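Structure, as structure tokens:
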Amino acid sequence: MSSEAAAARLSPAPTALPSQAYALLISGTFNPPHRAHLQLGLRAAAALEAEGHTVLSLWFVPVHDNYLHNKLSASAGPSVVFPIEARCALLRTLLEAEEPAAAARCHVADYEGEHASALLAPSPHYWAARLPAAYLRTVPTMALLHHFAADEARLGGARVAAVFGIDNLAAMSTWNAPERLLARADLLFVARRMATVAFARDPAALLRAIRRVEVRTAVPVVFGEELLFGGEVGSFVAPSDGEAEAGGVLFCLPALEGEDEGLSSTAMRGCLETLWRWGCESAEAVARIAEAQAGTPAEEEVNQSLSVLRKHGYSGGSLTALLRAGMNTAATLERIYNAAVSRGEVVVPHPS
């Protein structure tokens, strides 16, 4: 561990964190969205409010279509792609099933699309290495967070807190100038079923940008053999200096409860492919196929897929919308690419 990172180690906080008004940002692929995505934000909001903070709004922001096109083109992504308009519509449908009081302050926004001219950027390292012939511009996480944190009209005076699964923390040691972001935004990490979080690179710059860590469930965060924080529940502060005092707060919150922790867009895509293989384009078609295949392995396969999708928040009309929105991935990808071409978002890397 570097001397800089060692100097940023945390000590118990002498006082409680003052109350703060927050706007939560929950960004992700949402391909497709499911109820655990909503719970990630709603549970984070509840945890903050239980400690005396105020949550004015929650913003669910799906990634730009270009990202999903790159991911599939690099053969590292899903075989099913839901376009941005479908992902936003499905998120809104899922919100309708939540308690009205909880859903009232939740918003769904194609933020990366609305601000594409300011946010889309080349990726000379990540996508250029994976798609050397050509790739589409995407929105770096840091760029999204910076831009959103400056959107005073949307935030209404609240401080931004970006919500992530804690597995995302490991990659944040690669962020450039994290102190700029954490001067205006805090980070909320919801625990997952994992023993530790291990930084692959020296997290000294990130740690210097954090003035306080609020651990509500123990998840050890390490670099090499060194435990940095998270091994015990409590409130911890960075060494007192001007840089740390201007930094942000990192929260480590309890994992989602029950089945929500295990919900997965990957599992959903597998179930959808099963139903499409049987010609299911609506909830009614699923019921007809199951009846026609009664007593056969096919009935079990269809019903099992239906059960999984119900757990993720889809039945009846919402299931029909889900089935129809993701059916034609080839056409969706072609439409995304053609739109990117028309907007000048295709990047052809120069040979090294």
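Could you check, for the range 331-350, whether at least one of its residues is touching a helix residue (DSSP H, G or I) at 6+ places or on another chain (Cβ under 8 Å) and of a type in the set (K, R)?
Yes, the range 331-350 contains at least one residue that is touching a helix residue (DSSP H, G or I) at 6+ places or on another chain (Cβ under 8 Å) and of a type in the set (K, R).
Among the residues of the range 208-237, write down those that are farther than 17 Å from F164 by Cα, in contact with an Asp or Glu (Cβ under 8 Å, 6 or more places away or on another chain) and aliphatic (A, V, I, L, M).
Within the range 208-237, A209 is the sole residue that qualifies.
Looking at R184 and the list (1) under 15 Å from L250 (Cα atoms); (2) under 19 Å from the mean Cα position of the chain (by Cα); (3) not hydrophobic (A, V, I, L, M, F, W, C), which single condition is not satisfied?
(2)
Identify, please: which residue in the range 221-242 is closer than 10 Å to S11 by Cα and part of a loop (DSSP other than H, G, I, E, B) and is, among those, modelled with the lowest pLDDT?
P239
Would you check which residues across the range 122-147 are part of a strand (DSSP E or B) and under 19 Å from the mean Cα position of the chain (by Cα) and list them?
Within the range 122-147, T138 is the sole residue that qualifies.
Among the numbered conditions (1) more than 30 Å from D260 (Cβ to Cβ); (2) surrounded by 14 or more Cβ atoms within 10 Å (Cβ to Cβ); (3) not acidic (D, E), tell me where G165 comes up short.
So G165 meets the others, but not (1).
Checking A198 against (1) surrounded by 19 or more Cβ atoms within 10 Å (Cβ to Cβ); (2) among the hydrophobic types (A, V, I, L, M, F, W, C); (3) out of contact with any Asp or Glu (no Cβ under 8 Å at 6 or more places or on another chain), only one condition comes out false. Which one?
(1)
Name the pairs: first residue in the range 219-232 and within 16 Å of M194 (Cα to Cα) and without any contact (Cβ under 8 Å) to a residue 40 or more places away in the chain, second residue part of a loop (DSSP other than H, G, I, E, B) and among the β-branched types (V, I, T), Cβ to Cβ under 8 Å, at least 6 apart or on different chains?
Short answer, once both residue conditions are applied: P220/T196; V222/T196; G230/V219.
Using beta carbons and a limit of 7 Å, which pairs, at least six apart or on different chains, have the first residue in the range 311-334 and assigned to a helix (DSSP H, G or I) and the second one charged (D, E, K, R)?
K311/E259; L323/E281; R324/E281
Out of all the residues in the range 287-305, which are farther than 20 Å from S79 by Cβ and not in a loop (DSSP other than H, G, I, E, B)?
If the condition is that a residue be farther than 20 Å from S79 by Cβ and not in a loop (DSSP other than H, G, I, E, B), then A287, R288, I289, A290, E291, A292, P297, A298, E299, E300, N303 are the ones that fit.
Could you grab me the full set of residues in the range 335-352 that are at pLDDT 95 or above and within 20 Å of R130 (Cβ to Cβ)?
Correct list: I336, Y337, A340, V341, E345, V346, V347, V348.
If I ask for residues that are more than 24 Å from E85 (Cβ to Cβ) and part of a loop (DSSP other than H, G, I, E, B), which ones from the range 148-164 would you list?
Result: A150, G156, G157, A158.
Just need a number here: residues in the range 274-303 that are touching a residue at least 12 places away in the same chain (Cβ under 8 Å), exposed (fewer than 15 other Cβ atoms within 10 Å of the Cβ) and out of contact with any helix residue (DSSP H, G or I) (no Cβ under 7 Å at 6 or more places or on another chain).
Residues in the range 274-303 being touching a residue at least 12 places away in the same chain (Cβ under 8 Å), exposed (fewer than 15 other Cβ atoms within 10 Å of the Cβ) and out of contact with any helix residue (DSSP H, G or I) (no Cβ under 7 Å at 6 or more places or on another chain): 1 in total.
The values are calculated or read from the model by the stated rules, or taken from the named source; none is laboratory data. None of these values were measured; they are calculated from a predicted model. Cβ: placed from backbone, ideal geometry, glycine included. Neighbour counts: every protein chain shown.
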